[in-house]
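Note sheet for the following structure.
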Amino acid sequence: MINLWLTEIGEGFIWLIGQPLFYWAIVLTILTSYYRRKQERTDFGSSVYKSGTEWKRTWVLSVISGIVISASLIVTGAILSYPVWLLISVLSIIVTITGRLYLLSAGYLMGITVILLAVMQKYTLTIDELPSQWMEELMNISLPLILALTAVFLVIESILWFTADKEYAFPKLIKGKRGKYIGLHHVKRLSVVPVLVPVPGGAIDNVFSWWPLLPIGNHGYGLMLFPFLIGVQQAFQGHFSNQGGKLFGKWVLTLGLMTGIFAAGSFYDPLFIYIGAAVAILGRAIIQLYVRFVDRENTSIFRPQSDGLIILAVIKDSPADKMGLKTGERVEKVHQIPVANEIEFYDALQESRTFCKLEVRDVQGEIRFVQGPMYQGDHHELGLVFVKEKPRFRLYQDLPNHVV
């Protein structure tokens with residue numbers, strides 16, 4: 001029995017090679033990072049974050065979530081066939097062609113999947129181009145199970161929002177209402193949840209007395225590894241991104257719990273399938289619009305100010321990062337000289353070529369002093385990103401290699 005399970009698990013991982021979404025995840029990462037870094041160069045004269053930062057701090061959540069979901073599906077014998085996952089893959093690719101990662105929400109992807117399959121099953125719609133076995137499996141798939149997975153993936157998405165960090169939000173410049181440039185933070189995160197799914201066709205059978213709980217067909221079952229993509233994306237200008245992320249996460253978590261309630265009810269009344277899917281789709285769209293509206297109602301945090309320079313971003317591994325400077329803090333004085341723009345900031349740095357002393361007001365409004373040694377050229381590459389009076393403006397050309 002152990003050898004059988006090891007064989008099926010091994011074959012399940014081999015399935016990953018045949019998953020179009022696996023390759024699209026790689027392409028999407030490359031394209032997203034490329035266009036994001038291009039935008040950073042347009043706004044600030046250099047890129048701020050490295051390629052692939054969109055995946056930063058998501059792997060632990062992805063792996064743990066994948067293990068929990070996989071174990072739950074295997075133990076309960078909840079069978080989902082390959083055509084269903086192929087449909088989800090196709091939808092994932094279509095909605096992200098434009099680079100909008102927020103469309104990789106289970107509220108949209110799984111909700112649309114449930115609606116499509118429900119209509120197919122209700123009206124016995126067939127697609128002649130698909131194999132007859134695929135159509136049979138699609139007609140017998142458990143829609144309450146897919147709706148339940150929708151709720152689970154929404155909860156995972158909410159955790160991605162709750163763990164959003166302003167130190168990893170991507171800066172951008174836009175024109176404010178008065179015509180001056182202001183800064184905003186783009187929360188843009190990608191997560192791939194590896195799910196080992198029981199599928200029809202394999203040597204596994206009669207694992208437990210109740211297994212499989214939600215069968216498809218009368219043959220044995222195997223395992224398939226599927227990379228489920230989850231994306232979050234939202235721009236914040238009136239909130240720090242960690243604050244906005246918590247607001248977003250609270251509502252997405254609520255939506256996930258509501259969808260879970262409808263999923264539980266759909267096992268007893270099919271009407272809840274349609275209600276649950278509609279709530280997931282519309283609810284997710286409303287949350288996106290609501291959070292955007294609330295954020296725009298607030299005054300922009302990252303705007304030019306007369307009493308200091310607010311830090312829009314801190315480049316990782318730069319001297320500023322090593323000195324402990326944080327995004328959202330305001331640099332008020334350099335070597336006891338008040339500064340209000342980038343020119344004054346770098347002019348004040350010239351007062352000492354061996355030592356840097358900054359007076360900084362943190363996000364709680366407390367004053368603190370930051371200091372550190374400076375070496376030749378450091379004043380050109382401190383690693384601080386400010387709101388600029390015009391895009392691409394910078395006072396230096398010799399940026400460190402990891403920033404370019």
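Derivation of every value follows stated rules applied to the coordinates shown; laboratory data play no part. Just so you know, these numbers come straight off a predicted model, no measurement behind them. Counting neighbours? That spans all protein chains shown, and the Cβs are built from the backbone with ideal geometry, glycine included.
Figures for the structure shown
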read-out	value
Residue range of the chain that is longest and free of chymotrypsin sites (Phe, Trp or Tyr not before Pro) which are both DSSP loop and sparsely packed (at most 15 other C-beta within 10 Å)	1-207
Within the chain: Cβ-based charge dipole about Cα centre, in debye rounded to nearest 20 (Lys, Arg +1; Asp, Glu -1)	1380 debye
Where GluC sites (Glu not before Pro) in DSSP loops with at most 11 other Cβ within 10 Å are excluded, longest remaining stretch of the chain	130-365
Principal-axis tilt of helix 106-123 within the chain, Cα atoms, nearest 10 degrees	20 degrees
Among Ser70, Ser306, Ser46, residue whose mean-square fluctuation peaks in a GNM of the chain (springs only between Cα atoms under 10 Å)	Ser306
Gaussian network model of the chain, springs between alpha carbon atoms under 10 Å - residue of Pro270, Pro171, Pro227 with greatest fluctuation	Pro270
Residue with peak Gaussian network fluctuation, the chain [Cα springs, cutoff 10 Å], from Gly328, Gly308, Gly179	Gly179
Option label - percent of Cα pairs over 33 Å apart computed here, alternatives (1) 33; (2) 42; (3) 37	(2)
Rounded, prolate or oblate (a/c below 1.5 giving rounded, otherwise prolate when a/b exceeds b/c) for region 40-119 by Cα gyration tensor	oblate
Tilt relative to the chain, helix 20-44 - C-alpha long axis, 0 to 90 degrees, to 10	20 degrees
Helix 2-14 axis, angle to the chain major axis (alpha carbon atoms, nearest 10°)	60 degrees
Under-16-angstrom lysine pairs by C-alpha in region 2-297, whenever the two are 8 or more apart or on separate chains	13
Value of [θ]222 nm, deg cm²/dmol, for the chain, DSSP H segments ≥ 4, -39500 (n - 2.57) each, nearest 500	-15000 deg cm²/dmol
Extension gain from Asn3 to Gln336, taking 0.36 nm per residue of separation minus the Cα-Cα distance	112.7 nm
Estimated vicinal HN-Hα couplings, Hz - region 69-86 in sequence order (Karplus 6.51, -1.76, 1.60; Gly, Pro = x)	5, 4, 4, 5, 5, 5, 5, 7, x, 7, 8, 10, 7, 4, x, 5, 5, 5
Residue among Ile204, Leu117, Leu73 farthest towards the positive dipole end of the chain, charges placed on Cβ	Leu117
Cβ charges +1 (Lys, Arg) and -1 (Asp, Glu), total dipole of region 309-386, debye	180 debye
